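Enquirer: One structure follows; several queries about it will come next.
The values are calculated or read from the model by the stated rules, or taken from the named source; none is laboratory data. Note that this is a predicted model, so its numbers are computed, not measured. Here the Cβ positions follow ideal geometry from the backbone for every residue, glycine too, while neighbour counts run over all protein chains shown.
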Amino acid sequence: MWRWFHEWGSPRYFYARSGRLLPYLAGLTLLLIPTGIVWGLLYAPADYQQGHSYRIMYVHVPAAILAQSSYAMMAAAGMVSLIWRLKLADAAMQTAAPIGAWVTAIALITGALWGKPMWGTYWVWDARLTSTLILLFLFAGVLALRQAAGPSQSGGRAAAVLAVVGLINLPIIKFSVDWWFTLHQPASFSVTEKPAMPIEMWAPLLAMVIGVYGWFFWVWLLRLRQEIREREVRSEWIRQRYQNEF
Amino acid sequence: MSLLKRELRLLLRSPAEVVQSLLFGVLVVALFPLAITPDPDVLRQLSVGLIWVVTLLTSLLAADRSLLSDFEDGSLEQMVLGVAPLWWVCLVKSVGHWLTALLPLIVITPLLGIMLAMTSETMLWLMASLLVGTPVLSLFCVLGAMMTLGLNRGGALLLVILMPFLVPPLVLGTQWAMTVGQPFYGYLLAGLLCVSLMTLPFATASVARIAVGR
């Protein structure tokens, strides 16, 4: 039984098994995301306070949730690659980083677009926005280090150390930003309101959140499989599988 | 101890570099009244944060001074293979960085404070926050410098990598100074220093092994 777990660390078995997962992830994503978007953008009731401009929430909130968890997943992959020296984990971290960075950027951009009608300004230095901005810098750091240090194993290890240090520091950073903000919070508005939503509003949100997670894993697996193909191009099982294409 | 003496001897061999980082700090601080306003009330509000940011930048600039020459002539490799524990070596390097790049700046802070119309009470707490917070900066900067050792455009990369980690000491340090010594931030900053002291040398050591293996 442990053997089954260990096999997940081998590129060959991972490749075969993840291939079988792909259709389900694709189906889940392609089912939930359009449903969530159409439902949220067209059919959910208008907010009594914000009217229709709140609808960007259906993109912004899933992106923001995914931004944080994708960093955690990437750093976890980095930790696995450092401790158990699994090249597959290093490939997983490498492929997750750009996706996570873009999702964070989307969260920030959609948040800014939402901010303009809601607060009258594109950007405000509140705790959550600042923390997400710093998260983007963390992603940028890992990506930049990986790119500069090269695709070698040492480059992967350096980037993994950075990601893990970032993960450990993340609570400290969030804490200090929270305190910084509570000290300077402008009294004119409350940014962190989470109004109770009727089910017609949060059901599409739930669909979007699950759909976006499914999308993340789908894209991550696609990229990871491509990375495996590139890395293992000289090994026997890849040749046999794709021999007609060589 | 001898490691520390060696560090200091190498770093102080050209005192021009120490003076350079000092001068950098003073000049940048002098730029701000020129660029914004000579109004002392405005300057006073900005002063703590400004001096902290300048300290941060100076720390980054000086970060790879001690590491680069060691890397290039192979001494870093010897240290990795050597008898002394690697985390101790990294800690000594951080201490050397702090003593040569940041301590002079702290000593000069009263001068910077006068340029920015700071009250003497704030000045006292600013120096306290710098004394407690800059070692954290040193520890992170040496970690970052070790990560970017020998890479192209390492300097710009250093800021990109380190910026998120330098935010907590920056925020806590400035808050402590600006609230004129409210102990809450002092405790947090001191706690951060302790945690950094205990963990970062080990992280730097593992990165050192990676860097040498490059």
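Enquirer: Inspect region B:102-125 for any residue being in a helix (DSSP H, G or I), touching a residue at least 40 places away in the same chain (Cβ under 8 Å) and within 14 Å of chain A (Cβ to nearest Cβ) and give the result as yes or no.
Expert: No, because not a single residue in region B:102-125 is in a helix (DSSP H, G or I), touching a residue at least 40 places away in the same chain (Cβ under 8 Å) and within 14 Å of chain A (Cβ to nearest Cβ).
Enquirer: Here is a follow-up. Mind checking which residues of region B:146-175 are at the interface with chain A (Cβ under 8 Å from one of its Cβ atoms) and either more than 22 Å from B:GLY49 (Cβ to Cβ) or of a type in the set (Asp, Glu) (or both)?
Expert: Residues satisfying the conditions are B:MET147, B:THR148, B:LEU151, B:ASN152, B:ARG153, B:GLY154, B:LEU157, B:ILE161.
Enquirer: Right, something else. Starting from residues that are more than 7 Å from every other protein chain (Cβ to nearest Cβ) and at pLDDT 85 or above, keep the ones in region A:138-150 and report whichever is surrounded by the most Cβ atoms within 10 Å (Cβ to Cβ).
Expert: A:VAL142
Enquirer: Next question, about the same structure. For region A:195-246, what are the residues that are in contact with a Lys or Arg (Cβ under 7 Å, 6 or more places away or on another chain) and of a type in the set (A, V, I, L, M)?
Expert: Residue satisfying the conditions is A:ILE238 alone.
Enquirer: From the list A:VAL38, A:VAL61, which one is loosely packed, with under 15 Cβ neighbours inside 10 Å, of a type in the set (Val, Ile, Thr) and assigned to a helix (DSSP H, G or I)?
Expert: A:VAL38
Enquirer: Then there's this: Looking at (1) surrounded by fewer than 22 Cβ atoms within 10 Å (Cβ to Cβ); (2) in contact (Cβ under 8 Å) with a residue 40 or more places away in the chain, which is the only condition B:LEU149 fails?
Expert: Failed condition: (1).
Enquirer: Just the residues that are among the hydroxyl-bearing types (Ser, Thr, Tyr) and buried (at least 19 other Cβ atoms within 10 Å of the Cβ), please, taken from region B:68-121.
Expert: Matches in region B:68-121: B:SER94, B:THR100, B:THR109.
Enquirer: Kindly establish whether A:LEU32 is over 20 Å from A:VAL209 (Cβ atoms) and in contact with a helix residue (DSSP H, G or I) (Cβ under 8 Å, 6 or more places away or on another chain).
Expert: no
Enquirer: Suppose we filter region A:108-135 for residues that are without any contact (Cβ under 8 Å) to a residue 40 or more places away in the chain and within 12 Å of another protein chain (Cβ to nearest Cβ); how many remain?
Expert: Counting residues in region A:108-135 that are without any contact (Cβ under 8 Å) to a residue 40 or more places away in the chain and within 12 Å of another protein chain (Cβ to nearest Cβ) gives 1.
Enquirer: Working carefully through the options A:ALA44, A:ALA92, find the one that is crowded, with 17+ Cβ neighbours inside 10 Å and within 17 Å of the chain's Cα centre (by Cα).
Expert: A:ALA92
Enquirer: Say we look at region B:23-80 and pick out the residues that are without any contact (Cβ under 8 Å) to a residue 24 or more places away in the chain and among the polar types (S, T, N, Q); which of these is nearest to B:VAL95 (Cα to Cα)?
Expert: B:SER75
Enquirer: Going residue by residue through region A:91-101, is there one that turns out to be hydrophobic (A, V, I, L, M, F, W, C) and free of Cβ contacts under 8 Å to residues at least 12 places away in the same chain?
Expert: no
Enquirer: Scan region B:190-214 residue by residue and report those that are more than 10 Å from every other protein chain (Cβ to nearest Cβ) and either in contact (Cβ under 8 Å) with a residue 12 or more places away in the chain or among the β-branched types (Val, Ile, Thr) (or both).
Expert: B:ALA190, B:LEU193, B:LEU197, B:PRO201, B:PHE202, B:ALA205, B:ALA208
Enquirer: Here is a further query. Does any residue in region A:151-167 that is more than 7 Å from chain B (Cβ to nearest Cβ) come within less than 8 Å, Cβ to Cβ, of a residue that is outside any helix (DSSP H, G or I) six or more places away or on a different chain, and which pairs are these?
Expert: If the second residue must be outside any helix (DSSP H, G or I), the pairs left are A:SER152/B:ARG214.
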